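Q: Quick one: the structure is below, questions incoming.
Values quoted throughout were computed directly from the atomic coordinates according to the rules given, and no laboratory measurement underlies them. Nothing here was measured: the structure is a model prediction, and the numbers come from that model. Note: ideal-geometry Cβ built from the backbone for every residue, glycine included; neighbour counts use all protein chains shown.
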Amino acid sequence: MTSKENHKNEDDEEAELKKIEIELKSILSKLVTLNERKEYLLKRKEKLEDIALLKKSEKLSSRNWDSTDFPWYGKAKEILKNVFKIDEFRPFQLPTINACMSGEDVILIMPTGGGKSLCYQLPALLGKGFTLVVSPLVSLMEDQLLALKKLGVSAAILSANSPKEESFSIQKAMVDKFSSLRLLYVTPEKLAKSKRFMAKLQKAYEMGRLFRVAIDEVHCCSHWGHDFRPDYNFLGVLKSIFNDIPIIGLTATSTTKVTIDVQKILGIQGCLVLKASFNRPNLFYEVRPKPSSQKECIDELEKLLKNRYQGKSGIVYTTSIKDTEELMMELRSRGLRLGCYHATLDAELRSKVHKKWISGEYQAVVATIAFGLGIDKPDVRFVIHHSISKSMENFYQESGRAGRDGLPADCIVFYRLADVFRLSTMVFTQQTGIENLYGMVDYSLDVSRCRRSIIASHFGEQWESTDCNKMCDHCLAPCIPRKVNIASYCRTLYKVISNAAGLDVKVTAQKLVDAWLGKGATNLRLKGVSPPAIPREQAEAIVAYLLMEGYFQEDFHFTAYSTISYIKRGPKAVEALTEGHQIMMEFPGKKIIKEDSTATPSKEISSTKSSERNSQKNVASTSLAVANVHTNPKPKSETKSQCSKVKPSDEIIVSSDEEVTPTIKKRKIVIIDDDSD
Ligand code: ADP
Ligand code: MG
Ligand code: ZN
């Protein structure tokens, strides 16, 4: 081959290579487009399927399930009276029982204490054979079993810890057509892990002895929920094996997303969904700023327990086991009678604490969220969150343990920025952990909206303001919120972060606030920039608001012993740095202030009946007092465009009821100046 030919060959190869590269590039780009299209179509498909499911459920729910014309009505009423010793059904109980007896798969969403158990216990006595009840906690099942035993209903529990003989005799009863067993409670693990049990269940089914399947706390199926349990995933198998056995799922907390997910997992797509209103009209909702020092916080709790809640029963929820123990010791040393409760306490001790609380020997239990599932004390007058909950679902459930008897009760949250990060470092690895937590922060940060309406919108309900009836701090003492442009604050805070980054330092929210206010480590403070003249509480509120709105984001780092949440710029940083961009945040505005500490309670609550009046009065005065020093922003404000130039604020003098909150009497606060341009 001549060198000329050689060259020609090389040129050809090079040309071909180029061609291939170009073609590959074009294929790759088509693949990207196709993949994007695929993603879109998959999402759209899922959405349309969800809509179809919702429509199917909706159609089912249009039937008159509340009717007394169903053939079993007479017998159901009789059992209600003679076995359960109850005269009337509560709302949603009869419709659920009717649907269940008609052979429909049902998901019942009803607030805690609404009476969900009856909805499967009563049908179990109307049918033949037994109803299988899946429940996540043995303690929950034990409570129910005890109550059923008292009523003379034959029921049993099977868990991984059941003694061998007991387990044996229960499994025998399952396939004994003469057995009187009506309700069989099992843990999801038992179903998932015991082949022997599944075999027995299949046999019982073939004999026609499996009447219904009830799944309590059914939201645990979905990892979109707040309490996902992997073993609940196995429950999908039930519908595929026992396809003609109706399933009833029960929960107190389920968003539409979770409900749809649960239906898919259980294989009951498009089933009847019955949803009771989440409004608990007798609960008073309030958020208070949590004092920064532990001592002040204990002082406030002590005062509440000794005054407003004297002789009344309640729960104080907090985050960690250590907190429960410390709080309990501190409060005990001030002469209060209370116990503490958490998951690592041994069972005997826990049950002792529970009993002392039920009997009134303990005024309150200081507890982690381990305390509560299945507790059934009607006269809980207060639930205090010493630290915010992990999610609105959790908060609703925990606070919902108050006032089950229908009489007024209070749900108070102590909010502080530092607690947000204690929780975020605990939940950030969960799929929706941060999103759920921020929902709770939004609720706590709001300065003007009705707390009840925030809860409602969270659960996809819409309530009129009359549904609150002044039973929240904001409705009781309304204010006109002041909108302030905090964009320049945001930019200064970015400077603090980049200045720290230049020193190779990451900042936590606390450090960020410190440096901004000209406190803490000197090298982190901005040179030549004077700190804003605002109280720390307000500075924290601003940082929290910017975090909720995406101007900041948390940056989690693992150390050998813990996880740390640092603050960095968020996805909206570009917008914040754009000239003229406004970030409108709401601050508490002026409200009608009661100056006279001996004044009678305000008009709107003077109509409150009975012995609760005193507690109501205190609610009113205390919340009036604290509402003004509570300088939290309103999250996700609807009308950001409605910006009005805000004048430097007036001073507001707050006075309060001597007896209840002497320490904050005549407390002065200054509302933030508008430092925007
Ligand atoms: P949930 O599971 O919805 O939280 P439960 O089933 O544990 O609620 O019921 C809460 C309490 O209400 C129980 O003490 C139960 O006996 C009681 N209860 C249920 N239905 C009725 C009713 N129709 N009338 C009065 N009390 C009821
Ligand atoms: Mg229940
Ligand atoms: Zn309200």
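Q: Tell me, what are the semi-axes, in whole angstrom and largest first, of the equivalent ellipsoid of region 387-531 as set by the roots of 5 times the Cα gyration tensor eigenvalues?
A: Numbers: eigenvalues 258, 72, 33 Å².
Whole-Å semi-axes of the equivalent ellipsoid: 36, 19, 13.
Q: Right, something else. Given 5 Å bins starting at zero, what is the percent of C-alpha pairs of region 63-275 in each, up to the one with the largest pair distance?
A: 1, 7, 16, 20, 22, 17, 11, 4, 1, 0
Q: Sort 4-14, 147-157, 184-194 for me by packing, meaning the mean count of neighbouring Cβ atoms within 10 Å per residue, highest on top.
A: Numbers: 4-14: 10.0, 147-157: 16.5, 184-194: 19.6.
Most protected by this proxy first, the peptides run 184-194, 147-157, 4-14.
Q: If all Cα-Cα distances of the chain are sorted into 20 Å bins from 0 onward, what percent lands in each bin, rounded to whole numbers?
A: Reading the bins upward from 0: 16, 43, 30, 9, 2, 0.
Q: So, one more: Could you work out the Rg to Rh ratio of region 147-250, with Rh taken as the Kirkwood radius (inverse of the mean 1/r over all Cα pairs)?
A: Numbers: Rg = 14.0 Å, Rh = 14.6 Å.
Checking Rg against Rh, the ratio lands at 0.96.
Q: For the chain, what is the mean residue ellipticity at 222 nm derived from helices alone (per DSSP H run of n ≥ 4: -39500 (n - 2.57); sum divided by total residues; nearest 500 deg cm²/dmol)?
A: On the way: 24 runs with 288 residues, N = 677.
-13000 deg cm²/dmol, from helical runs alone.
Q: With a point put 7 Å past each Cα toward its Cβ, work out how far Gln462 is from Ser351 in nm, to one decimal.
A: 5.0 nm
Q: Need the C-alpha centroid separation for region 2-44 versus region 384-432, integer Å.
A: After rounding, the separation between the Cα centres reads 56 Å.
Q: Moving to a separate point now. Dividing the convex hull volume of the Cα atoms of region 3-53 by its residue count, what figure in Å³ per residue is obtained? Each step should come with its number before you reach the end.
A: Working: hull volume 1.8 nm³, N = 51.
Here the figure is 35 Å³ per residue.
Q: Measure up Lys203/Lys257; Lys172/Lys356; Lys43/Lys190; Lys59/Lys190; Lys322/Lys377 against 32 Å on the Cα-Cα distance and list the ones that go over.
A: Working: Lys203/Lys257 35 Å; Lys172/Lys356 38 Å; Lys43/Lys190 35 Å; Lys59/Lys190 36 Å; Lys322/Lys377 25 Å.
Distance filter (> 32 Å) returns Lys203/Lys257; Lys172/Lys356; Lys43/Lys190; Lys59/Lys190.
Q: Taking region 338-427 as the region of interest, what is the percent of Cα-Cα pairs per 10 angstrom bin, listed from the shortest bin to the one with the maximum distance?
A: 16, 47, 31, 6
Q: Which percent of the Cα-Cα distances in region 285-399 go past 24 Å?
A: Details: 1131 of 6555 pairs.
When every Cα pair of region 285-399 is considered, 17 percent fall beyond 24 Å.
Q: Continuing with this model, one more query. Students often check this: by mean Cβ neighbours within 10 Å, which of 110-122, 61-73 ranks highest, and how do the rest follow?
A: Going from most to least packed, we get 110-122, 61-73.
Q: About the Cα centre of region 487-582, how large is the charge dipole given +1 on each Lys and Arg Cβ and -1 on each Asp and Glu Cβ? Please answer in debye to the nearest 20.
A: On the way: 11 positive and 9 negative charges, 62 e Å.
Roughly 300 debye, rounded to the nearest 20.
Q: Enumerate the aspartates and glutamates that Lys193 could reach by cross-link, defined here as Cα to Cα under 15 Å, with residues fewer than 8 away along the same chain left out.
A: Hits, sequence-local ones excluded: Asp231.
Q: Oh, and also: If the cut-off is 16 Å between C-alpha atoms, which aspartates and glutamates fall inside it for Lys519, apart from same-chain ones fewer than 8 positions away?
A: Glu537, Glu540
Q: So, by mean Cβ neighbours within 10 angstrom, what's the order for 199-206, 556-563 with the highest one leading?
A: 199-206, 556-563
Q: If I take R0 = 25 Å and measure r between the Cβ atoms of Leu503 and Tyr561 in this structure, what FRET efficiency does the formula 1/(1 + (r/R0)^6) give, to the nearest 0.05? Before the final figure, lay out the partial values.
A: Working: r = 24 Å, r/R0 = 0.96.
E between Leu503 and Tyr561, to the nearest 0.05, is 0.55.
Q: List the residues, sorted by chain then number, that are 5 or more residues from Cys472 or on another chain and whose placed amide H is less than 5 Å from its amide H.
A: Correct list: Tyr285.
Q: Here's another thing I want to ask about it. Under 18 Å Cα to Cα from Lys306, which aspartates and glutamates show up? Leave out anything in the same chain fewer than 8 places away.
A: Output for Lys306: Glu296, Glu330, Glu361, Asp379, Asp410, Glu612, Asp657, Glu658, Glu659.
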